[in-house]
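Heads up: the structure comes next, in structure tokens.
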Amino acid sequence: SAVELGKLAKSNATIIARVGWHRFFRSIRHRNCLHPNFTRWKQHQANPQLLQIIKSGAPCINAHTPWSLRHKDHCVHRGSHPSAKIVFANFLQDEMLDMVLRRYWTVVPYRAVRLLPQLKISPAGVIPQRNRRPRTIIDYTFSGVTDTTVQVAPSHAMQFGRALPRILQRIAYANPRFGPVHLIKVDISDGYYRIPVTASGALNLAVALPSCRRQPLLAIPTVLTMGWIDSAPYFCMATESIADFTNLQPMSDCPAAPHFQEATASAADAFTTSPPIAPTLPVSLCASKPLAYIDVYMDDYTALAQTRPVAINLRRRLMHNINDIFRPNTAFETQTTPPRREPISDKKLLQGDAAWNTTGTILGWLVDTVFGTLQLPPHRVQRLSTIIDEVLAAPTTTCRHWHRLLGELRSMLIAIPGGEGLFSPLQLALQRARVTGSVTICPRTRRCLQEWLLLAHSLASRPTLITDVVPCPPHYVGACDASRDGMGGVWLPTSLAPDATPFVWRYPFPDAVRKALVSTDNPTGTINNSELELAASIVHEAALLAAKPVNHPITCLSGSDNTPTVAWLQRASLTSAGPAADLLRLRSRLRRAHRLNATVCSVPGVDNALADFASHSFHLTDDDFACHFRTVYPLQDSWQPLRPPPAICSFVTSALLHATPMQELLLPEHDPLLACGKSGST
């Protein structure tokens with residue numbers, strides 16, 4: 001490969017010397033992978049920009065002054081990262097030769113373009129991947145190209161960050177009357193390489209190849225590259241447009257003729273009409289028509305459909321719409337060496353990815369629409385266990401290893417209920433490492449990691465229900481408040497609740513908590529008002545759970561007039577030690593133990609009158625308190641007083657006093673502290 005690259009570079013240098021860079025670039029650029037059939041999609045906002053890219057290529061504008069020859073020479077002398085020039089040097093050369101033959105890249109001697117003012121040189125890196133070929137990434141951040149790029153690509157085109165939550169929400173709200181949801185994946189091959197760049201912009205994206213130092217070679221792309229900051233928005237502008245149009249397109253607009261790859265895609269279809277087994281939302285909240293939905297994460301399309309006719313129609317429209325932007329091969333291109341890959345990956349079609357089924361791996365998660373569950377693949381659970389075991393085996397670890405651990409945990413969080421409250425000790429350990437230079441595995445951090453392992457290993461016996469992780473309409477809406485004297489709150493039933501009984505609760509703080517509260521008279525106190533409000537929010541949810549108003553998992557919406565409390569509950573973690581971290585951990589365990597789907601929001605203090613009165617009413621007896629509520633705030637159904645679980649209140653009090661008791665290492669669902677027995681009256 002190195003010899004062939006050298007020969008190609010020598011030939012290209014001769015042409016550049018004769019006709020110049022711009023004419024040479026136009027001559028090597030392959031026939032455009034994009035074509036304008038999508039212009040029939042009326043009034044789509046991406047149409048003008050896509051047409052401009054078809055005409056001229058995606059612009060790469062750099063605000064930096066032209067690099068000096070000395071700086072260019074230094075970048076060439078340094079070359080690529082060790083992973084590319086030592087560990088995977090042969091792979092990179094083979095990969096680049098293949099890309100050059102496909103005209104996605106061109107290779108030239110450094111001396112042939114050294115004097116061009118737009119030239120900037122970045123290193124390459126190669127990342128190994130599980131069960132796949134290594135992936136080449138160009139490190140434009142290291143060279144400074146990323147920081148000086150003028151970002152003219154439409155960043156709003158990147159909608160993939162919330163793709164998985166959107167997909168899960170569509171599954172949860174699908175009407176079971178139409179049967180289970182079927183799903184497929186359709187992959188775009190050669191992703192970024194489908195979008196061309198301009199001739200001058202390509203010089204900003206040059207890469208140093210592993211080669212002889214006497215005759216260094218550069219690779220220069222003719223298309224978008226992996227690693228450049230504007231590659232994703234330019235590419236997503238095309239892929240998201242396809243998803244948008246397909247979702248808006250009526251079923252009647254489906255072509256009568258099957259797509260030429262449809263037979264391969266449908267060979268392994270496995271349709272089923274059996275009703276979903278998983279608990280579903282009330283039918284009144286579900287869609288009135290069979291589900292037909294497309295979402296995309298970069299180059300991976302996910303389609304969801306109910307009933308066989310809708311599914312076949314949706315897949316056909318999606319495949320035709322993909323080829324309206326990414327053109328299919330011509331007869332000549334299938335016979336070239338190497339042959340051009342079809343935009344819709346033939347390899348993935350043969351693997352059955354585009355065959356309809358009720359189970360599948362979606363964005364790295366195992367989804368079962370019949371049982372309504374979301375699970376981590378076994379290899380990801382094993383990888384997490386390996387990383388944690390490596391950390392636990394030593395008293396300290398590097399910040400780089402710790403970042404890797406945090407990244408793994410964050411990426412898996414959606415399928416591990418109860419884990420959101422376990423980040424505070426880990427983030428605190430990282431913050432302290434900025435001083436020491438390494439992360440110390442203290443007893444608190446070690447126990448936190450052991451809890452993570454326990455949660456991860458429980459996934460096989462307790463898969464996560466999709467309805468537990470998507471926003472759902474609440475059974476109860478409430479608000480809570482805290483004062484120096486105590487805390488209290490109210491819960492009001494919605495139309496989804498089994499009956500119209502409203503609840504009210506209160507709980508006085510012990511003297512130790514009141515004496516430790518920071519105030520103008522007690523500036524050295526150890527408890528602040530926001531921590532009291534956080535405690536109230538957690539006891540508020542526990543009181544509702546203790547009432548057992550429904551036999552199935554509860555969904556609730558709670559309001560607080562304390563801004564820090566709302567922020568803590570939404571983030572579920574802190575970077576400091578103290579009562580708040582322990583309280584957030586308690587809440588995450590409480591939510592998992594009872595499958596509580598709880599959301600918190602901010603309410604103005606003036607609108608929080610009921611909860612405010614409950615938290616200031618300790619001068620009244622229980623009977624007088626209940627009578628006052630029924631008189632001043634009358635409802636059709638009388639207010640029912642609740643008694644918060646004593647064990648939860650005791651734990652909260654201990655946490656506020658910085659005396660959190662050590663607990664046995666148990667899964668939340670087996671922890672007697674979280675049992676929340678039947679409530680009585682206050």
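So the values come out like this:
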| item | result |
| --- | --- |
| Cβ charges +1 (Lys, Arg) and -1 (Asp, Glu), total dipole of the range 3-161, debye | 480 |
| Theoretical FRET efficiency, 1/(1+(r/R0)^6), r = Cβ-Cβ of SER11 and ASN47, R0 30 Å, to 0.05 | 0.15 |
| Distance in nm between pseudo-label sites at ARG434 and ARG26 (7 Å out along the Cβ direction from Cα) | 5.3 |
| Distance between the range 526-556 and the range 239-303 - C-alpha centres, whole angstrom | 39 |
| log10 of Debye I(q)/I(0), alpha-carbon scatterers only, for the chain at 0.10 Å⁻¹ | -1.07 |
| Charge-dipole axis of the range 86-138 as Lys and Arg at +1 and Asp and Glu at -1 on Cβ define it, positive-most pick from VAL108, SER122, PHE91 | SER122 |
| FRET E, pair LEU657, ARG444, Förster distance 25 Å, beta-carbon r, rounded to 0.05 | 0.90 |
| Helix-only CD estimate at 222 nm, as mean residue ellipticity for the chain, using -39500 (n - 2.57) per DSSP H run (n ≥ 4) | -12000 deg cm²/dmol |
| The range 447-474 residues near the modelled CYS399 label - backbone nitrogen below 13 Å, point 7 Å along Cα→Cβ | none |
| The chain, accessible surface, carbon-and-sulfur percent (1.4 angstrom probe) | 56 |
| Antiparallel DSSP beta bridges within the chain, as percent of all bridges there, nearest 5 | 75 |
| Gyration tensor (alpha-carbon) shape descriptor, the range 599-682, a/c threshold 1.5 | prolate |
| Over 23 Å (Cα to Cα) - which of LYS7/LYS348; LYS55/LYS348; LYS10/LYS85 fall in this group | LYS7/LYS348; LYS55/LYS348 |
| Dipole moment magnitude, nearest 20 debye, the chain about Cα centre, only Lys, Arg, Asp, Glu C-beta charged | 3300 |
| Projected label distance in nm at ASP511 and THR264, using a 7 Å step from Cα toward the beta-carbon | 8.0 |
| Length released on extending from ARG214 to GLN335, taking residue separation times 0.36 nm less the Cα-Cα span | 39.8 nm |
| Those residues of the range 595-611 whose amide nitrogen sits under 18 Å from the label point placed on ARG462, 7 Å along Cα→Cβ | 595-598 |
| Positive-end residue of ASN329, GLN570, TYR293, charge dipole of the chain with Cβ unit charges | ASN329 |
| All aspartates and glutamates inside 17 Å of LYS185 as judged from Cα atoms, apart from same-chain residues fewer than 8 positions distant | GLU240, ASP244, GLU262, ASP269, ASP295, ASP299, ASP300, GLU342, ASP346, ASP353, ASP368 |
| Inter-part distance where the range 590-632 and the range 73-133 are each reduced to a Cα centre, Å | 64 |
| For the range 393-521, fraction of C-alpha pairs farther apart than 23 Å, in % | 60 |
| Only Lys, Arg (+1) and Asp, Glu (-1) charged, at Cβ; the range 528-682 dipole about Cα centre in debye | 540 |
| Rounded FRET efficiency, nearest 0.05, which uses the C-beta distance separating SER495 from ASN247 and R0 of 25 Å | 0.25 |
| The range 358-437 versus the range 1-68: alpha-carbon centroid distance in Å | 41 |
| Selection from ALA63, GLY201, PRO474, by position along the positive dipole direction of the chain (Cβ) | GLY201 |
| With Cα atoms, 0 to 90° folded angle of helix 622-632 axis to the chain main axis | 70 |
| Solvent-accessible heavy-atom area per residue, rounded to whole Å², over the range 468-587 at 1.4 Å | 35 |
| Convex hull volume per residue for the range 397-448, taking Cα atoms only, in Å³ | 65 |
| Per residue accessible area of the range 134-175, 1.4 Å probe, in Å² | 47 |
| Rounded tilt (10° steps) of 308-325 against the dominant C-alpha axis of the chain | 50 |
| Length gained when the stretch ASP623-ARG135 is fully extended (0.36 nm per residue, less Cα-Cα span) | 168.7 nm |
| Helix 47-56 vs. the chain, principal-axis angle (Cα, 0 to 90°, nearest 10) | 30 |
| Per residue solvent-accessible surface (Å²) - the range 296-438, probe of 1.4 Å | 41 |
| Using alpha carbons only: equivalent-ellipsoid semi-axes of the range 21-130, gyration tensor based, whole Å | 31, 20, 15 |
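The values are calculated or read from the model by the stated rules, or taken from the named source; none is laboratory data. Keep in mind that this is a model prediction, so the values were computed, not measured. Quick reminder, even Gly has a Cβ in these numbers, built from the backbone with ideal geometry, and neighbours come from all protein chains shown. Keep in mind that these areas ignore ligands, DNA and RNA; they rest on the heavy atoms of the full protein, side chains included. Shrake-Rupley method; radii C 1.70, N 1.55, O 1.52, S 1.80 Å.
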